[in-house]
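The values are calculated or read from the model by the stated rules, or taken from the named source; none is laboratory data. Just so it is clear, the structure is predicted and the values come from calculations on it, not from any experiment. With ideal geometry, Cβ positions are generated from the backbone for all residues, glycine too; neighbour counts draw on all protein chains shown. Keep in mind that these areas ignore ligands, DNA and RNA; they rest on the heavy atoms of the full protein, side chains included. Shrake-Rupley method; radii C 1.70, N 1.55, O 1.52, S 1.80 Å.
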Amino acid sequence: MGFPKGRRRVVLVAAVLLVAVAVAATVWRVLAPAEVSTPARAAYPEAPNRDPRVVARLPVAPLVVDGRLRVYAAQRQVYADRPVDHRYRTTPYWSYRRWPAELAGLVASGTTVVSRWSDGLLVALDARTGRVAWRAEGPAPARIPTARRTGSARVWNPEGLFVAPIPGGGSVVVAAGGDALTAVDLADGRRRWRAGVGTGCHDVIGTTAAGRLVSVDGCDGPATVEFRDAGTGTVGTRWRPPGAGDALSATPLGCRTGRSGCAGLRTVTGAGDGAGRGWLFGDGEPTAAPALDRPDSVLAGDTAIGMAGGSAVGRDARTGVERWRRDLGAGRVLAVEPDRVHLVTDANGLVTLDEATGAQLSWFTLTAGSDGTSWAPGAAYAVDGYVAVERLREPVDPEADDQRYFFTSEPVLLAAT
């Protein structure tokens, strides 16, 4: 004896509804926006003695924070390991994950790590604990940069994310995206200002060590370098290089990290200036720095550094007067810090020199284990005396997939200098 026909239909509909509800609940649990924070359970590590050497071989690019931690970026996750000089990547010290937003970039200042996400949210993490310090709304990034397996584009040179000091102490985090700029206080995430800008005609290139936001603005007439107070958002100086034509692009120089805390810039105007012209930041308009005109010259402190005939040469950036010369043979500048320059030789030796005197601070071969030195340097990063560099397989093929492009499955070397 079964159910009457009408009752069977009711039971069938109810069963279908129950299944649908269960499926919907499962989909919601899997796909709903989520935030998962796993704070540190162990003690904050001490800063190690920084003996000059290769300290680690890593699969992804690290951001060295407070000289104690390594912080990494994944597609939807920020995580840290310790200690900074451990030979390999270790179990996460702390982790922070969001879904379905995608991580756009990271910056760090002191013990604060600020992450920027595809929906515009800024999330600050206390590096000592991994706990969320604050959240703030910002403009969504104009685009998410393509990141290879190491993630270096997101941690070493993030697009549209900057840190700048402000008068009276403290710092702000500035996010640029689409048609807006937003600055929030690094300490608590409080919004300091928001400004509208033109879409596709306003390019923020960096911040200065004196607390100004530098952009190339071409929204109303010829492209102009614009300096904005990072603490208030007020536009101050607007400047065009002498003889500039209709086109103008600029690259920051001498930055403390990424494109933050920079000391100068190089402009290319499209007006027959060849490689470009170098400039130093000051209180008003930039001042000419002819020693930075060459595209292969870099800025550390107030010294312009480049290679000439197998020697590294340091010149006064303003006058071009030679300050020092070091014979290194074939090589190139790998990365700079405000007080030192890191160079790599053709045999992949890492040489670190004092920017002011050219005195050698350290020298050793960039190798780990039995990997050897038959690789080409890729993207690099330096902060607080640590240098990280990607190792690329020779001959370098930018169009190759990651397996062919990188030298090994652990292509990033981290060294203390």
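General remarks:
- Residues satisfying the stated conditions in region 187-231, i.e. among the hydroxyl-bearing types (Ser, Thr, Tyr) and open to solvent by less than 10 Å² (accessible area, probe 1.4 Å): Thr207, Thr208, Ser215
- When each of Gly120, Gly105 is tested for being touching a Gly at 6+ places or on another chain (Cβ under 6 Å) and open to solvent by less than 30 Å² (accessible area, probe 1.4 Å), the lone residue that passes is Gly120.
- One residue stands out in region 78-90 among those that are open to solvent by less than 30 Å² (accessible area, probe 1.4 Å) and not small (Gly, Ala, Ser): the one that is nearest to Val107 (Cα to Cα), namely Val78.
- Selection of region 247-264 for residues being in a strand (DSSP E or B) and aliphatic (A, V, I, L, M) yields Ala250, Leu253.
- Wholly within region 53-115, strands (runs of 3 or more DSSP E) carrying at least 3 residues that are under 24 Å from Gly177 (Cα atoms) and more than 14 Å from the chain's Cα centre (by Cα): 94-99
- Pairs linking a residue in region 347-371 that is at positive phi and in a loop (DSSP other than H, G, I, E, B) to a residue that is among the β-branched types (Val, Ile, Thr) and open to solvent by 40 Å² or more (accessible area, probe 1.4 Å), with Cβ atoms under 6 Å and 6 or more positions apart or on different chains, are Asn348/Thr373.
- Scope region 327-378; condition within 19 Å of Pro252 (Cβ to Cβ), of a type outside the set (Lys, Arg) and surrounded by 18 or more Cβ atoms within 10 Å (Cβ to Cβ); matching residues: Val333, Leu334, Ala335, Val336, Glu337, Val341, His342, Glu355
- Residues satisfying the stated conditions in region 181-229, i.e. over 23 Å from Leu280 (Cβ atoms) and not in a loop (DSSP other than H, G, I, E, B): Leu181, Thr182, Ala183, Val184, Asp185, Arg191, Arg192, Trp193, Arg194, Ala195, Gly196, His202
- Looking only at region 243-278, and only at residues there that are among the β-branched types (Val, Ile, Thr) and closer than 30 Å to Ala61 by Cβ, the one that is least open to solvent (accessible area, probe 1.4 Å): Thr267
- For region 90-125, a tally of residues being of a type in the set (A, V, I, L, M) and free of Cβ contacts under 8 Å to residues at least 24 places away in the same chain returns 1.
- Hits in region 279-292 (condition: at pLDDT below 95 and either of a type in the set (Gly, Ala, Ser) or open to solvent by less than 50 Å² (accessible area, probe 1.4 Å) (or both)): Gly282, Gly284
- From the list Glu399, Glu394, Glu410, the one residue that fits, being surrounded by fewer than 14 Cβ atoms within 10 Å (Cβ to Cβ) and either touching a strand residue (DSSP E or B) at 6+ places or on another chain (Cβ under 7 Å) or closer than 23 Å to Thr257 by Cβ (or both), is Glu394.
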